[in-house]
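Worksheet: one structure, shown below.
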Amino acid sequence: MLIKRDQETIKGYFEDTSSLSGGFADAVYLPENAQETAAVLKEAGEKKTPVTFSGNGTGTTGGRIPFGGIVLATDKLNRILDLKISHDKKNATLVTQPGVTLEEIEATAQKNGFFYAPDPTEQTAFIGATLSTNASGSRTFTFGPSRHYVKRIKVILSNGEILDTPRGRVFAKDREFNFEKNGKRYQFSLPSYQMPHVKHSAGYFVEPNMDLIDLFIGSEGTLGFIAEAELVLMKKEKNIMGLVAFFQKEIDAFNFAQEIKPLKPLAIEFFGETSLELLRNKYPKIPSYATGAIFFEDLFAPGEEEKVLEKWSGLLSKYNVNLDDVWMNESSDVTKSFKEFRHEMPELINEVIKQSGFSKISGDIAVPDSKAREMYQFYKEKVAESNFYYVLFGHISQNHLHINLVPKSADEWKLAKELYMKFIRKAVSMGGTVSAEHGIGKLKKIYLLELYGEKGVREMAAVKKVFDPACMLGIDNVIKKDMLL
Amino acid sequence: MDIIVCIKQVPDTTEVKINPETNTLIREGVPSIINPFDENAVEAALVLKEKHGGKVTVITMGPPQAAEALKATIAMGADEMVLVSDRAFAGSDTWATSYTLSQAIKKLGNFDLILCGKQAIDGDTAQVGPGIAEWLGIPQVTFAVKLEADPANKKVKVERMLEEINEIVEAPFPCVVTAVKQMNIPRLPSLKGMMRAKKAEVKILSAQDIEADPKNLGLNGSPTSVVRIFTPPPRGGGEVLTGEAGEIVGKLIGKIKDRKII
Ligand SMILES: Cc1cc2nc3c(=O)[nH]c(=O)nc-3n(C[C@H](O)[C@H](O)[C@H](O)COP(=O)(O)OP(=O)(O)OC[C@H]3O[C@@H](n4cnc5c(N)ncnc54)[C@H](O)[C@@H]3O)c2cc1C
Ligand SMILES: Cc1cc2nc3c(=O)[nH]c(=O)nc-3n(C[C@H](O)[C@H](O)[C@H](O)COP(=O)(O)OP(=O)(O)OC[C@H]3O[C@@H](n4cnc5c(N)ncnc54)[C@H](O)[C@@H]3O)c2cc1C
């Protein structure tokens, strides 16, 4: 097993795409199989060395950044172990190590006529990490988040013990877990909070009568290490069309999205005025009159295409959209669409923010359907009041717009922070979440406190101690370090 | 302006695999696309149409399924499409292909400009555009990176991208211009165009329709023949230096010195 200690070579592991700095660790361990991984954890457990798990560093919340101890990196756990296809070729699952990129998962599925339905935008993320954050994407609207596609995981605990956790085997009774694994009894209560009824990835997944596997998925490396996963693939049957429609008024884009939600297209994504300004650098063909855009995808069976085109053109015409300017493509391949167009957005913003020299203040808030308009108006009003440069775009299908505030001075940065807290409080008061897909990591713990209060977080800490009694894994992720004491 | 664009349907070479035993292309299951350079040619034609008015006709020689490629250009904004298709064309080389296309173009009536891609990404000869010009006896301007038309004076001004320099030339209508990738960014199909494409009709021309001389057609009309296609043997693998960064740098400098490069 490769162990890297040279600080120059390992400093890359002290970063992700957040602006959290100051990370440090003694060494990076790069095991190649579950046994080696278990041995690393066991030894660390005996020596009480903190361990931070690392994926590919595309996280936005500092989750993989260590503050002491060692890093357990998944780069070399990078093999797809098995592809199981049913006799009738209708169902398939893929068994994989955690360090395989989403891109490779997708390519393997595709080659065999299947696809992996969760589609987090960042394709270089490692699968293990995406399960640890319960990642989701624009198609989560139709397909649900990552957890819906996990059939089994192997979790390694801080004492080196391997918990094989298939879905459908161990359930809570209301909010009590009581089960035996590897000859050991686990008995504990789940936190008492109610998760918001929106797309959500903040804190431990908790529901009455829940499946044990769901506790580990989304726990951001604080309960155990995901050493292997069996993923459910979907069959490619329908064709897909992707459309980008440009609106003269941003509000029309917003309204159009609300109107088509009940028609259940595969995905609906929103681009506000400043988003389009940024995108014009890469896509000069964006019409100059446009101040808002909607990208949406729809599935259709071969033969019904004309009908579907008629439907969309009728709806778009109601909003005075010029159909000659609606970009579209079609494919029998569900994985192809305007992914690049959508992916440019966060990358362009990251560049702008880097240039600004201040750390990013960006949101991952989602609210219930009934509050979508109120939240959108609240964003618009507040940024207008304080005259901030901001960029608003994202998963409008699930009322999950990413707001990005880009300060121009240190004073503005402080104001932006305060403003962002207002957004959080507003969302929470409306039954929304503080993080819909990126997770809490190290940077959003104060927002988690807004959502669940100190009581909720302490209850999570109690669950953590069941699996990680010495509190060595993913320290300062999700739960504030001092709340573990 | 009346513009004809020649397009070719090609396998998406980014997805092409080589059969390691026979060293030939595995074509099964490889999706077809429009030759990328030809999309640049279509875009250039549409830009000229937007500026000067007129009509864009897209033409391809190929099997019936090449109609899909034609339809995709209608979705981008082209007006008419022509599929030149006949069993007699099978096995055409560049001579026969350009002859066949030139005969079809003669049948389409008057035109001001023919646009082609610089080359096809599968055949890669870059001969068909110039071949068409020769058969029709009109000027040709290859490697166009900029194109302006002056319909009043019936001429084009073209900037050609050559290896070391760019060259600006003028040519009278009608002429053939071939497009390089750097010329423009092809537009995406539009929703309106897509709906038009669904309803649009493909005009099909056979060997008889284009009054072609059978001795210039297909395999028999092709003076060249492909003797063998093979993948060149892979180059010997390089040497991989391992170790910590400092160590590797030392080794590398040693190697460079050994070879008396420094
Ligand atoms: C341009 C861009 C777009 C993005 N779009 C999306 C999006 O659409 N949807 C979305 O959900 N996210 C998105 N993200 C965020 C990011 O891609 C996800 O959070 C992803 O899950 C991180 O994967 P990673 O491999 O980079 O993990 P890292 O950043 O390295 O780690 C993320 C977390 O996972 C933990 N972890 C890693 N491996 C394991 C393991 N084997 N077991 C347990 N814990 C582990 C780490 O400790 C850390 O807490 C985006 C990021 C960028 C930069
Ligand atoms: C002996 C022999 C047999 C062959 N047999 C076959 C065969 O059976 N099947 C087969 O598919 N190929 C066959 N080929 C390949 C065929 O010759 C070339 O594909 C064809 O002539 C075009 O040449 P190219 O691909 O190099 O195009 P280029 O000359 O590189 O293309 C330049 C431009 O010309 C235009 N153009 C090229 N081809 C067409 C077209 N068909 N329609 C409209 N515009 C076009 C496009 O604008 C293109 O960008 C054969 C070649 C030889 C020598």
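The values are calculated or read from the model by the stated rules, or taken from the named source; none is laboratory data. This one's a predicted model, so the numbers in the text were calculated from it and none came from an experiment. All Cβ positions, even for glycine, are placed from backbone atoms using ideal geometry, and neighbour counts span all protein chains on display. We work out accessible area using only protein heavy atoms, side chains counted, and drop any ligands, DNA or RNA first. Shrake-Rupley method; radii C 1.70, N 1.55, O 1.52, S 1.80 Å.
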query: Just for the range A:92-111: of the residues that are more than 11 Å from ligand 1 (Cβ to nearest atom) and free of Cβ contacts under 8 Å to residues at least 40 places away in the same chain, which one is least open to solvent (accessible area, probe 1.4 Å)?
result: A:Thr108
Residues located in the range A:431-467, provided they are of a type in the set (Lys, Arg), part of a helix (DSSP H, G or I) and open to solvent by 10 Å² or more (accessible area, probe 1.4 Å): A:Lys445, A:Lys455, A:Arg458, A:Lys465
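Can you say whether A:Leu83 is away from every other protein chain (no Cβ under 14 Å), more than 16 Å from ligand 1 (Cβ to nearest atom) and at pLDDT 95 or above, as far as the supplied structure shows? Explain how you work it out, then say what you get.
Details: away from every other protein chain (no Cβ under 14 Å): yes; more than 16 Å from ligand 1 (Cβ to nearest atom): yes; at pLDDT 95 or above: yes.
Spelling it out, A:Leu83 is indeed away from every other protein chain (no Cβ under 14 Å), more than 16 Å from ligand 1 (Cβ to nearest atom) and at pLDDT 95 or above.
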Residues satisfying the stated conditions in the range A:5-17, i.e. outside any helix (DSSP H, G or I) and near ligand 1 (Cβ under 9 Å from one of its atoms): A:Asp16, A:Thr17
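Determine whether the range B:108-122 contains at least one residue that is within 18 Å of B:Lys198 (Cα to Cα) and aliphatic (A, V, I, L, M).
Within the range B:108-122, not a single residue is within 18 Å of B:Lys198 (Cα to Cα) and aliphatic (A, V, I, L, M).
Go over the candidates A:Lys481, A:Lys422 one by one and state the one that is in contact with a helix residue (DSSP H, G or I) (Cβ under 9 Å, 6 or more places away or on another chain), of a type in the set (Lys, Arg) and open to solvent by 50 Å² or more (accessible area, probe 1.4 Å). Walk me through it before giving the result.
Values: A:Lys481 fails: in contact with a helix residue (DSSP H, G or I) (Cβ under 9 Å, 6 or more places away or on another chain).
A:Lys422 is the lone residue from the list that is in contact with a helix residue (DSSP H, G or I) (Cβ under 9 Å, 6 or more places away or on another chain), of a type in the set (Lys, Arg) and open to solvent by 50 Å² or more (accessible area, probe 1.4 Å).
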message: Residue under question is B:Pro186, and the condition is that it be within 14 Å of chain A (Cβ to nearest Cβ) and assigned to a loop (DSSP other than H, G, I, E, B); does it hold?
response: yes
- prompt: Picking from B:Leu83, B:Leu70, which residue would you name as being part of a helix (DSSP H, G or I) and either within 16 Å of the chain's Cα centre (by Cα) or closer than 17 Å to B:Gly117 by Cα (or both)?
  reply: B:Leu70
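One line per residue, one yes/no per condition, for (1) within 14 Å of chain A (Cβ to nearest Cβ); (2) in a helix (DSSP H, G or I):
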{"site": "B:Met195", "(1), (2)": "yes, yes"}
{"site": "B:Ile210", "(1), (2)": "no, no"}
{"site": "B:Pro223", "(1), (2)": "no, no"}
{"site": "B:Ile229", "(1), (2)": "no, no"}
{"site": "B:Pro232", "(1), (2)": "no, no"}
{"site": "B:Gly254", "(1), (2)": "no, yes"}
The range A:345-371, residues that are crowded, with 18+ Cβ neighbours inside 10 Å, in a helix (DSSP H, G or I) and within 20 Å of the chain's Cα centre (by Cα): A:Met345, A:Pro346, A:Leu348, A:Ile349
- line: Those residues of the range A:227-246 which are open to solvent by less than 20 Å² (accessible area, probe 1.4 Å) and within 14 Å of chain B (Cβ to nearest Cβ) amount to A:Ile240, A:Met241, A:Gly242, A:Leu243, A:Val244, A:Ala245, A:Phe246
- prompt: Got a sec? Which of A:Lys48, A:Lys11, A:Lys76 is open to solvent by 60 Å² or more (accessible area, probe 1.4 Å) and within 14 Å of chain B (Cβ to nearest Cβ)?
  reply: A:Lys11
- prompt: Would the range A:21-38 turn up any residue that is open to solvent by 50 Å² or more (accessible area, probe 1.4 Å), outside the structural domain of A:Ile226 (by TED's automatic domain parsing) and among the hydrophobic types (A, V, I, L, M, F, W, C)?
  reply: yes
task: For A:Leu348, state whether it is touching a helix residue (DSSP H, G or I) at 6+ places or on another chain (Cβ under 8 Å) and more than 24 Å from A:Pro407 (Cα to Cα).
output: no
- prompt: Would the range B:148-170 turn up any residue that is open to solvent by 70 Å² or more (accessible area, probe 1.4 Å), at pLDDT 95 or above, more than 14 Å from chain A (Cβ to nearest Cβ) and part of a loop (DSSP other than H, G, I, E, B)?
  reply: yes
field: All positions within the range B:107-118 that are within 11 Å of ligand 2 (Cβ to nearest atom) and either within 14 Å of chain A (Cβ to nearest Cβ) or open to solvent by less than 40 Å² (accessible area, probe 1.4 Å) (or both)
entry: B:Ile114, B:Leu115, B:Cys116, B:Gly117
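Having 3 or more residues that are surrounded by 20 or more Cβ atoms within 10 Å (Cβ to Cβ) is the bar; report the strands (runs of 3 or more DSSP E) wholly within the range A:130-226 that clear it.
A:150-156, A:162-166
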